[in-house]
1. Among 410, 461, what is the fewest-to-most ranking by other Cβ atoms within 10 Å?
2. List the residues whose amide H sits under 5 Å from the amide H of residue 4, counting only those 5 or more places along or on another chain, with H placed 1.01 Å from N in the peptide plane.
3. Give 176/316; 5/307; 320/373; 80/462 a once-over and call out the pairs whose C-alpha atoms are over 23 Å from each other.
4. Which of 284, 158 comes first, and how do the rest follow, when ranked by fewest Cβ neighbours within 10 Å?
5. Could you list which residues have their amide H under 5 Å from that of residue 25, counting only those 5 or more apart in sequence or on another chain, with H placed in the peptide plane?
6. One quarter of the convex hull surface, Cα atoms only: what value does that give for region 401-462 in nm²?
7. Cα centroid distance between region 457-475 and region 436-456, in Å?
8. For 471, 265, what's the fewest-to-most ordering of other Cβ within 10 Å of each Cβ?
Amino acid sequence: MKSSKFILHFDVNKTLLVSDKAGGVTTDKMINSILSECIWGLVAVFDYQRIEEIEMEALEKPRDWVIGLPLESWYCISTKPDPQPPLNISEEMKLAYWHYYIATIHSKTQDNDEKCKFTEDTNDSEGSTKQENQFLIQGEELNFETFKKTVTFKTITYAEFLERRQTPKELRRRLKQNFTEEGGLGFQFTPDKEKLLEALQVPTRRTQRKNNTVNEEVLISTQPSERKKEVQLLPSFFNMVNYLQDMKESQQIESFMIVFRTFGHDIPDIIEEYNAFIEDKHPYFTMSKNSLTTTSSSKTSAAFNQKIDPTRDVCKLSRKANREKRDARKQRQTELSQVNKEDLFLTATFGIDALTEGDKNSATTLTSNKDKKIENVEEFLSFLRHSLDEGRTLAISDDYFFWAECNESDDSGKLLFVEEEGSLIYNLFFDDNIERHCAHIVDVRSATAPYPAIAFSESKDKYIFKCEPYHAILDPNYFISIFDSIYQKLKNE
């Protein structure tokens, strides 16, 4: 593994930054959203509850066991946040849901005089019978055992529930961002929100590092005017960078490169804070002193000492959609198919031209580099490899509009090119929006023409890793643990 080189791609928003200034999302709101993604609940789905076929065709979405359920159908079963689902659904959970159903859902949909199990059947224009999407047995006529036989219980986080039931986007965002507020379904988890906010408070001491060891601590002013309320880039990320540098210095790996990947407007803030860290001028976190000097003239072993150069290391990717738009349903139901080389278009511009309009408004110090441009995939791969050898850090603005126009399909997201077997270059991607059942936001492809897509079953936990913000905030060694696990697997192969 001594000759191994690692390119680590990090999503920014909610993976490394717990706020979105450009989008007007405060840390408090983002913490609420994070908690809504790791608090689990039960839903009970009636076997005969179906969505009209005409509605499914209009929505162009796959059939889903959550679509159509009212908001009140989600019943919280978590006692504490956990990104991983419960191992099983206990009888106690089912019984609790039953009482919740009778008290909350059933009472809202029943008329006192109704004694029938189903609504009256209705005939369509072709004479076929369809059933309404309501369950009409009165509570006193339906016991718990009958209820269990009639429904299928599912576990799902509140955030996933809102998305899969097709809650309007703005309403979904508001419900998630107010999850633990008074009146929210996650109000009981307010102490957990406070715990996360506390973990994001800036430290009162700045640890000084020299030769990878701690030798002193300096008190930071606690005056509100002299320190920010919360950290920006997560401490677990800075710890990861120092860990990688220590591995490089001890010759466990040859080199590594950090690549920030974003659909958002946060590149200028990233540049400012990360460069301060590299120069050892960050007010709260320090970089290993060994990384600031080099004793070798070799490019492949150059010390990790370079700041992000806005004219050289910042670029905007553009993917041209000249083929028929992908259907998201088909992409998630089948393995991704290989595309022809000429079908995969990619260009990149550098400097201020790499940034979105939101970035340009706040990046007045950045300059343009209109002479530098990437015209195809091979040039982009060459740029990545050369940057790795030079010991650079990159910030890439990915093509959000292409992804959106392709219905957020798996093969239109942030591109990740994986080197062929036997290569000593390993590309790893960390993103909180990678889903449990699909890549969703990362388009994983071979780095060898014609750049075929790599199936999620092969790329999951090998090239792409779902970041859990809850753990990334609370565990200072979160990213280190993931990388160490990857490293040990590669070492044993």
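No lab work stands behind these numbers, since they all come straight from the coordinates. Fair warning: this is a prediction, and the values are worked out from it, not measured in the lab. Cβ: placed from backbone, ideal geometry, glycine included. Neighbour counts: every protein chain shown.
1. Numbers: 410 23, 461 12.
In order of increasing Cβ crowding within 10 Å: 461, 410.
2. It is 254, by chain and number.
3. 176/316; 80/462
4. Details: 284 21, 158 24.
Neighbour counts put them in this order, fewest first: 284, 158.
5. 20
6. Mean orientational projected area (region 401-462, Cα hull): 4.5 nm².
7. 16 Å
8. Numbers: 471 18, 265 23.
Arranged by neighbour count, lowest to highest, 471, 265 become 471, 265.
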